[in-house]
Amino acid sequence: ENSLQKTSCSYTIDPGDIFNSPYALNLSSFTKLIMRLQATHPEASRDQIVEAIQQVRKNNKGMLCGLAISTIEERTSAIL
């Protein structure tokens, strides 16, 4: 008689883990950064701002970690 035992596994995914990768800002910081950049550059669309942030990340070896928010803001502003 073949019987398969089912095991129950319980795990949770912390939404913060998704944004705490070395490749992205956490959501709260990202939102604040977008808002500050929109205030500084009202002529830029949100998409343009996001593209500029992605360029900053690309220029920094593909990562934003290790950069202060103010540094990311300055570098993004220079691109915009």
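The values are calculated or read from the model by the stated rules, or taken from the named source; none is laboratory data. Everything numeric in this text was worked out from a predicted model, so none of it was measured. Cβ coordinates were reconstructed from backbone atoms using ideal geometry, including for glycine residues, and neighbour counts include every protein chain displayed. We work out accessible area using only protein heavy atoms, side chains counted, and drop any ligands, DNA or RNA first. Shrake-Rupley method; radii C 1.70, N 1.55, O 1.52, S 1.80 Å.
Matching residues to (1) surrounded by fewer than 11 Cβ atoms within 10 Å (Cβ to Cβ); (2) modelled with pLDDT under 85; (3) over 11 Å from the mean Cα position of the chain (by Cα):
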residue: SER10; (1), (2), (3): yes, yes, yes
residue: SER28; (1), (2), (3): yes, yes, no
residue: PRO42; (1), (2), (3): yes, no, yes
residue: GLN48; (1), (2), (3): no, no, yes
residue: GLN55; (1), (2), (3): no, no, yes
residue: LYS58; (1), (2), (3): yes, no, yes
residue: CYS65; (1), (2), (3): no, yes, no
Can you confirm whether ALA78 is among the small types (Gly, Ala, Ser), modelled with pLDDT of 65 or more and open to solvent by 40 Å² or more (accessible area, probe 1.4 Å)?
yes
The one condition in (1) surrounded by 15 or more Cβ atoms within 10 Å (Cβ to Cβ); (2) among the β-branched types (Val, Ile, Thr); (3) within 12 Å of the chain's Cα centre (by Cα) that ILE69 fails to fulfil:
(1)
Please go through the stretch 30-40 and give me each residue that is at pLDDT 90 or above, open to solvent by less than 90 Å² (accessible area, probe 1.4 Å) and out of contact with any Asp or Glu (no Cβ under 9 Å at 6 or more places or on another chain), ordered by number.
ILE34, GLN38, ALA39
